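In what follows, a structure is listed as structure tokens, so that the remarks can point back to it.
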């Protein structure tokens, strides 16, 4: 499916305007809405390509800038040590309430968009995997895809590094797809076990997949990229979103 040119909308939050990039299928009709959450680097070229891929499969994709209250609208971080350090610092500077309000703002926007069917899903990568997981706590979210979601097991998201994601898992009502890399130092085996056991304990509908891959193996820039895994897992994400949001 062809897609429209990339656009954006600046959504108002208590923490200032949040630029949200929009990727739409081309053609008349209404499409399920999907929030795509980026890594700590904001809306980079690999994230934009992922959004375009999802839009090409018939989803209205909204990609919010996660650090909007700290940086210039439209700012993109580099994949280097300086901006990696900056992104990791902002991850624990931003308030948890702000992360959650951002999700609510995007869901509210999609619900009123004339091109949205009203069915909602979330997808996220790295930091974005954790944010997609938290966004799935909103009752209208019917499906979520989390690629190597960081910090859930450590409760270390946001200011104070005492997030409540493990405690609020029971709020998730949709089906979740959880993907991990066995060689990812950010989420070791013990950490993955914490998340798995917590999800099992509250009866979430989910599938769990571990692959031989380093952190960021989906990003199509850099030496960690595994194109065969990326093709497989992007297809799995589309399958879940289509099955849950288009029927």
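Does residue 62 satisfy being touching a helix residue (DSSP H, G or I) at 6+ places or on another chain (Cβ under 6 Å), farther than 17 Å from residue 161 by Cα, at pLDDT 95 or above and part of a helix (DSSP H, G or I)?
Details: touching a helix residue (DSSP H, G or I) at 6+ places or on another chain (Cβ under 6 Å): yes; farther than 17 Å from residue 161 by Cα: yes; at pLDDT 95 or above: yes; part of a helix (DSSP H, G or I): no.
No: the conditions fail for residue 62.
Which is in contact (Cβ under 8 Å) with a residue 60 or more places away in the chain and buried (at least 22 other Cβ atoms within 10 Å of the Cβ), of 174, 181? Even if it seems obvious, please write down each step before you answer.
Working: 181 fails: in contact (Cβ under 8 Å) with a residue 60 or more places away in the chain.
Among 174, 181, only 174 is in contact (Cβ under 8 Å) with a residue 60 or more places away in the chain and buried (at least 22 other Cβ atoms within 10 Å of the Cβ).
For region 36-59, indicate whether the set of residues that are within 21 Å of residue 141 (Cα to Cα) and part of a strand (DSSP E or B) is non-empty.
Yes - at least one qualifying residue is present in region 36-59.
Please count how many residues of region 5-28 are in contact (Cβ under 8 Å) with a residue 24 or more places away in the chain and under 24 Å from residue 242 (Cβ atoms).
The number of residues fulfilling the criteria is 9.
Identify, please: which residue in region 196-216 is part of a loop (DSSP other than H, G, I, E, B) and free of Cβ contacts under 8 Å to residues at least 40 places away in the same chain and is, among those, surrounded by the most Cβ atoms within 10 Å (Cβ to Cβ)? Before the answer, list the steps.
The first filter runs over region 196-216 and keeps only residues part of a loop (DSSP other than H, G, I, E, B), leaving 202-205, 212-216.
From what's left, free of Cβ contacts under 8 Å to residues at least 40 places away in the same chain: 202-205, 212-214.
Values: 202: 13, 203: 10, 204: 19, 205: 12, 212: 10, 213: 21, 214: 17.
Ranking the qualifying residues of region 196-216, first place goes to 213.
Quick check on my filter: what residues within region 220-230 are at pLDDT 95 or above, under 14 Å from residue 46 (Cα atoms) and exposed (fewer than 12 other Cβ atoms within 10 Å of the Cβ)?
227 - this is the single residue of region 220-230 that is at pLDDT 95 or above, under 14 Å from residue 46 (Cα atoms) and exposed (fewer than 12 other Cβ atoms within 10 Å of the Cβ).
Kindly indicate the residue of region 101-116 that is buried (at least 18 other Cβ atoms within 10 Å of the Cβ) and touching a helix residue (DSSP H, G or I) at 6+ places or on another chain (Cβ under 9 Å) and also farthest from residue 234 (Cα to Cα) among those meeting that condition.
102
Quick one: what pairs do we get from region 225-242, first residue in contact (Cβ under 8 Å) with a residue 12 or more places away in the chain, second surrounded by fewer than 18 Cβ atoms within 10 Å (Cβ to Cβ), C-beta under 6 Å, 6+ apart or different chains?
Hits for this filter: 229/211.
Looking at the structure I just gave you, is residue 144 surrounded by 20 or more Cβ atoms within 10 Å (Cβ to Cβ), without any contact (Cβ under 8 Å) to a residue 40 or more places away in the chain, under 10 Å from the mean Cα position of the chain (by Cα) and in a strand (DSSP E or B)? Don't jump to the end; show me each part of the working.
Numbers: surrounded by 20 or more Cβ atoms within 10 Å (Cβ to Cβ): yes; without any contact (Cβ under 8 Å) to a residue 40 or more places away in the chain: yes; under 10 Å from the mean Cα position of the chain (by Cα): yes; in a strand (DSSP E or B): yes.
So residue 144 fits the description; yes.
Please determine whether any residue of region 28-35 is surrounded by 23 or more Cβ atoms within 10 Å (Cβ to Cβ), touching a strand residue (DSSP E or B) at 6+ places or on another chain (Cβ under 6 Å) and within 19 Å of residue 225 (Cα to Cα).
no
Sort through 99, 79 and tell me the only one that's part of a loop (DSSP other than H, G, I, E, B), under 15 Å from residue 38 (Cα atoms) and modelled with pLDDT of 95 or more. Step through it out loud before you land on a result.
Details: 99 fails: part of a loop (DSSP other than H, G, I, E, B).
Exactly one residue qualifies, and that residue is 79.
The values are calculated or read from the model by the stated rules, or taken from the named source; none is laboratory data. The structure displayed is predicted, hence computed values, not measured ones. Reconstructed Cβ throughout: ideal geometry from the backbone, glycine too, with neighbour counts over all protein chains shown.
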